[in-house]
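Please treat every number below as a calculation from the coordinates, not as lab data. Values in this document were obtained by computation on a predicted structure and should not be read as measured data. Reconstructed Cβ throughout: ideal geometry from the backbone, glycine too, with neighbour counts over all protein chains shown.
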Amino acid sequence: MTTVLGIETSCDETAAAVVIDAITVRSSVVSSQVVLHARYGGVVPEIASRAHVDLLAPVVAQALVEAGIGDGDLDAVAATVGPGLIGSLLVGVSAAKALALVWNVPFVGVNHLEAHLYAAFLDDPTLELPVVYLLVSGGHTMLVHMEDHGRYRLLGQTIDDAAGEAFDKVARYLGLGYPGGPAIDRVAMDGDPQAIRFPRAMADDSYDFSFSGLKTSVINHVRKHPDVATADVAASFQEAVVDVLVAKARRAADSVDAKGMCLGGGVAANSLLRERFLDASAADGRHAYVPSRAMCTDNAAMVAAAGYWRLLHDGPTPLDAGGDPNLRLPVIGG
Ligand code: KG4
Ligand code: ZN
């Protein structure tokens, strides 16, 4: 039995969690900084790192207490080392190293994207590899063939904006506030998804995505039709994004004859995407793994789970390793 404390501070959530064997979540505490950044319409890096400094100790303490962890119960401390905001990353990485030293257990540096991939195992320990993973977050949009633990093949990715970035930018333009994804999800419920036919970019054979043209189409449409109902714009935009994401994920799964499809990252919390992803998988006779919303958005349980596998494969991370804001998913041939 391996008990790992996970720490996540790559962006605007301060999170800590205790997970056993990458499967059993004993505690998962997430303190969102949304209220601190909302009035600026996005994450302000300096405010984020300062807030992590204030929040991390109580968040870690709460995670340990909720998990009933005593002296000597932990086997490793894992923290996100990238990608993310460097100032924010360093708060979590430094704290994790200090705790690992004090408790005399290994420190494990975790790739945030790999952590998102591992979130699905926490909600469904029966998950069988290989699977095709649609990873959609604020910074990334990728189709990954997860062949085995630590073995990833990149099938496609965005060539410009990430899906979450498109949600955030369109929401900001529509005056729906920050964070944009949940706002569009909510407003779209009252809109007609067929009201406006926005373009589906890169509807070709590739598994790459592009969302920047869609964002421009939304802006042009609203400029031309200032009286258009915001709910219709939100619903039609969401429909276009989800349409492309699901169509490509499905074709990618066909191309490698995948038995299962997995959804992950913050945008995987989107109601329409979850519904369409499940419908498409059922229609194709594939097992769909759609983690709970709490596991899709940033959390530390996924960091602890990925940390468990990294420790098993690579051993402890040296204590002189730093944070890397531009860290990439380690893909085969990448
Ligand atoms: O994975 P995540 O929590 O942080 C990153 O690693 O980026 O993803 C955050 C992104 C944001 O762009 C946010 O707007 C989006 O996920 N998001 C959503 C929803 N909830 C969060 N997008 C669409 N619908 C949602 N319900
Ligand atoms: Zn994330």
For the range 128-294, with +1 on Lys and Arg beta carbons and -1 on Asp and Glu, the positive-most of LEU154, GLY177, VAL132 along the dipole | GLY177
Surrounding net charge for GLY41, when Lys and Arg each add one and Asp and Glu each subtract one, Cβ distance under 12 Å | +2
In terms of Cα to Cα distance under 21 Å, which lysines are near enough to LYS215, apart from those fewer than 8 places away along the same chain?
-> LYS169, LYS224, LYS248
By the mean-Cβ-within-10 Å protection proxy, highest first, 160-168, 117-125, 246-254, 262-270 rank as 262-270, 160-168, 117-125, 246-254
Residue-averaged [θ]222 nm for the chain, counting only DSSP H segments that reach four residues, each worth -39500 (n - 2.57) | -14500 deg cm²/dmol
How do the peptides 275-284, 5-14 rank, highest first, by the average count of neighbouring beta carbon atoms within 10 Å per residue?
-> 5-14, 275-284
Kyte-Doolittle mean at least -0.5 and Cα axial length at least 27 Å: DSSP H helices in the chain | 45-67, 230-255
Spin-label pair ASN104/ARG200, simplified geometry with 7 Å Cα→Cβ offset, distance in nm = 6.1 nm
Nonlocal amide H pairs with LEU319, under 5 Å, H built at 1.01 Å = none
